[in-house]
Structure formats: C-alpha cells, structure tokens
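Here is the structure we will look at, set down as structure tokens.
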Amino acid sequence: MPQPVLIVPQGRLDAASVRPLQAELDEHLANGSFHLIVDFKDTRYISSNGMRILLAAHKQSQQHGGSLKLCSLNPYILEIFAMAGFDRIFEIFDTYEQATATFPQ
C-alpha cells in the first residue's frame, strides 16, 4: 500500500484563505489518493469553513475505503475541534509519525 499523502496547511484556515487547502484535497481525492494526513504544525487558526472542507474530504475518502487523519493540532485548534464534536469524527494524533503508523503497510 502506498504511503498516505501529507498535506500541511499554512497560517489561517478561514473563508479568505481556505481555497488552497480545498484545491489540494480535491486534487488528491480526484487522483485516487484516499489515505490522507493533514498536519497542522504550521496552522494557527481554523474557521467553520476550514472544518467543513475537512469533513467533506473525510467523508469522500471513507467512501473509497480510505481515511483522513489529523496531527499536530495546537491547543486552540484542538479545543475548537472538541467543541464542534470533530474530535469524535476525526482520528487526531500528536505527531505525523503516530498518524502514519496507523495506516496499513
């Protein structure tokens, strides 16, 4: 099985800046890459727009037998995910290595 695709969004993920993330997710999913890791190490904020895009990509990857996993969320973003209940929808890991280890080899 191929390695999961790594996506590393930058800065803020809000209505004005979420398009590059959506384009990258859409491209990988359209190309048949359904095992994805989104690493938040360089992300400092996420709005409901960003969360909606992640949820749609997560559902699409699952429909094709894959999964979208998250890692390196800062405490603020982790709190937002917990308040929205997304911590029960997504698999969230402290590090990229931990997330990678959960995919079939």
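FYI, it's all coordinate maths here, none of it is from the lab. Computed from a predicted model, the values in this text were never measured in an experiment. Using ideal geometry, Cβ is built from the backbone for each residue, glycine included, and neighbour counts are taken over all protein chains shown.
Under a 5 Å amide H cut-off, with hydrogens placed 1.01 Å from N, residue 12 pairs with 44 among residues at least 5 apart or on other chains. In this calculation the C-beta distance from residue 52 to residue 105 is compared with R0 = 35 Å, giving a FRET efficiency of 0.65. Here's how it looks for residue 91: its modeled amide H is under 5 Å from those of 70, which are all 5 or more places away or on a different chain. Remark: the residue 59-residue 26 segment gains 10.7 nm on full extension, using 0.36 nm per residue and subtracting the alpha carbon distance. Computed extension length for residue 41-residue 87: 14.9 nm, one decimal, from 0.36 nm per residue of separation with the Cα-Cα distance subtracted.
Over the stretch 5-101, Cα pairs under 8 Å with separation of 6+ residues give a relative contact order of 30 percent. Phi angles across the stretch 4-11 convert, under the Karplus curve 6.51 cos²θ - 1.76 cosθ + 1.60 with θ = phi - 60°, into 3J(HN,Hα) values of x, 7, 9, 10, 10, x, 10, x Hz, Gly and Pro given as x. The sum of -39500 (n - 2.57) across all DSSP H runs of n ≥ 4, divided by the residue count of the chain, sets its helix-only mean residue ellipticity at 222 nm to -12500 deg cm²/dmol.
Compared with the dominant principal axis of the Cα atoms in the chain, helix 19-30 is inclined by about 20°.
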